[in-house]
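Here the structure is laid out as structure tokens; the discussion comes afterwards.
The values are calculated or read from the model by the stated rules, or taken from the named source; none is laboratory data. Everything numeric in this text was worked out from a predicted model, so none of it was measured. For neighbour counting, all protein chains shown are included, and Cβ atoms are generated from backbone atoms with ideal geometry for every residue, glycine included. Remember, those area values only see protein heavy atoms, side chains included, never the ligands or the DNA or RNA. Shrake-Rupley method; radii C 1.70, N 1.55, O 1.52, S 1.80 Å.
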Amino acid sequence: MTARPRTKFRKLDGILLLDKPRGLSSNQALQRVRHLFRAEKAGHTGSLDPLATGLLPVCFGEATKIAGGLLGARKAYDTVARLGIVMDTDDAEGQPIRERPVPPLRIPQIDQALAALTGRIRQRPPIYSALKRGGEPLYAKARRGEVVEVEERDADVHEFSLQSAGDLLDDLHGVSPQLRLHVECGSGTYVRSLVRDLGEALGCGAHVAELRRLWVDPFRDPRMWTLDELQVLATRGDRSLLACLLPLERGMASWPPVDLDEAQARRLGRGQPVEGEFHPCGAVAVYGPGGRALGLGEVAEGRLRARRLFSWASAQAAAGAGG
């Protein structure tokens, strides 16, 4: 039997907007894409549950240096809440732990419950989540049957609205009625917890039956690529595949920009602060001559310091010093 040739990985920088399929974990999807592009280094910006589909930004190479900042970005989802059944995972991937009759519901009642879960709220994450305690994910403890207590924490829900409740009126022959919902939220907010809490507010319980991520800032109108599309492009050649990548600058649009001249860029690249009247305070996206992204910086009292620079920022500074 002939052994499969080992993938020869390469340095590659850029961002791919992947349309994650249902049934794969975010890491499984990431590894498939990494091997397809033969990228030495890759990371994603915020996990999606195996049940979920939709936008998973994948950062290659130097783009992984801004991935942490994208984790905190605002996100939007469409979800289907199935009423009357409570699951141990708060979604359809788990096991039912309680079934309850669904009382007669009216749109104003549903809207009122949604409004109570909108804004700055306190939320208890699912026990089957990637949150860690003692260095171990909570889902690993839950799968062993350990009792897992999860503390409430703050969450920002910018929008939680009803798209359709037609299933409440249909005779579905024993199938639990569903609500189709839209969610816009901040980092660390669990849609599964929102749907679980909505079900409790409506007096019947609920879980997530479907979940799709629509966008993540700054990618509000994303052109997403499925794994099947990428595999087809790969057969056409490397240029077709690489054309799917966005430049690093597209991922930096959420940070206020700061532009540097050549001397300032060299100074920052050497790890030295740059004096000036830079603003606003806080994290900024730093650009050098010609608009090339240099990385992330931090402004305090008008002074700019390096926070996470791309490799070429330091290389250019070293080359300038040598000349």
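Here are some notes:
- When you restrict to C-alpha pairs under 8 Å that are six or more residues apart and normalise by the size of the chain, the relative contact order lands at 19 percent.
- Summing charges over all other residues whose Cβ lies under 13 Å from the Cβ of Leu202, with Lys and Arg as +1 and Asp and Glu as -1, gives +1.
- Stokes-Einstein, applied to the Kirkwood radius of the chain over Cα pairs at a viscosity of 1.567 mPa s and 4 °C, places its translational diffusion at 58 µm² s⁻¹.
- Charged neighbours of Val274, selected by a Cβ distance under 15 Å, balance to -1 (K, R count +1; D, E count -1).
- Within the full protein context, the accessible area of Leu246 is estimated at about 30 Å² for a probe radius of 1.4 Å.
- About the Cα centre, charge dipole magnitude for the chain (Lys/Arg +1, Asp/Glu -1 at Cβ), debye: 1440 debye
- Rounded tilt (10° steps) of 26-37 against the dominant C-alpha axis of the chain: 40 degrees
- Between 0 and 90°, nearest 10: helix 191-201 axis offset from the chain longest Cα axis: 30 degrees
- With the charge dipole of the chain set up from +1 on Lys and Arg Cβ and -1 on Asp and Glu Cβ about the Cα centre, the Cα lying farthest toward the positive end among the listed residues Gly46, Leu268, Gly69 is that of Leu268.
- Calculated [222 nm] ellipticity per residue, helices only, for the chain: -7000 deg cm²/dmol; basis is -39500 (n - 2.57) per DSSP H run with n ≥ 4, divided by all residues, nearest 500.
- Pairs of Cα atoms nearer than 8 Å and 6+ residues apart set the relative contact order; for region 223-323 it is 24 percent.
- Cβ-defined net charge surrounding His182, 14 Å radius [Lys, Arg +1; Asp, Glu -1]: 0
- The 3J(HN,Hα) values that the Karplus relation (6.51, -1.76, 1.60; θ = phi - 60°) gives for region 8-20 are, in residue order, 9, 7, 9, 6, 8, 10, x, 10, 10, 9, 8, 8, 5 Hz. Gly and Pro appear as x.
- Using the 1.4 Å probe convention, the accessible area of the chain works out to 51 Å² per residue with neighbouring protein chains retained.
- In the chain, the longest principal axis of the Cα atoms and the axis of helix 311-322 are about 10 degrees apart.
- Taking the chain as a Gaussian network of alpha-carbon nodes connected by springs under 10 Å, the highest mean-square fluctuation of the residues Asp154, Asp90, Asp78 belongs to Asp154.
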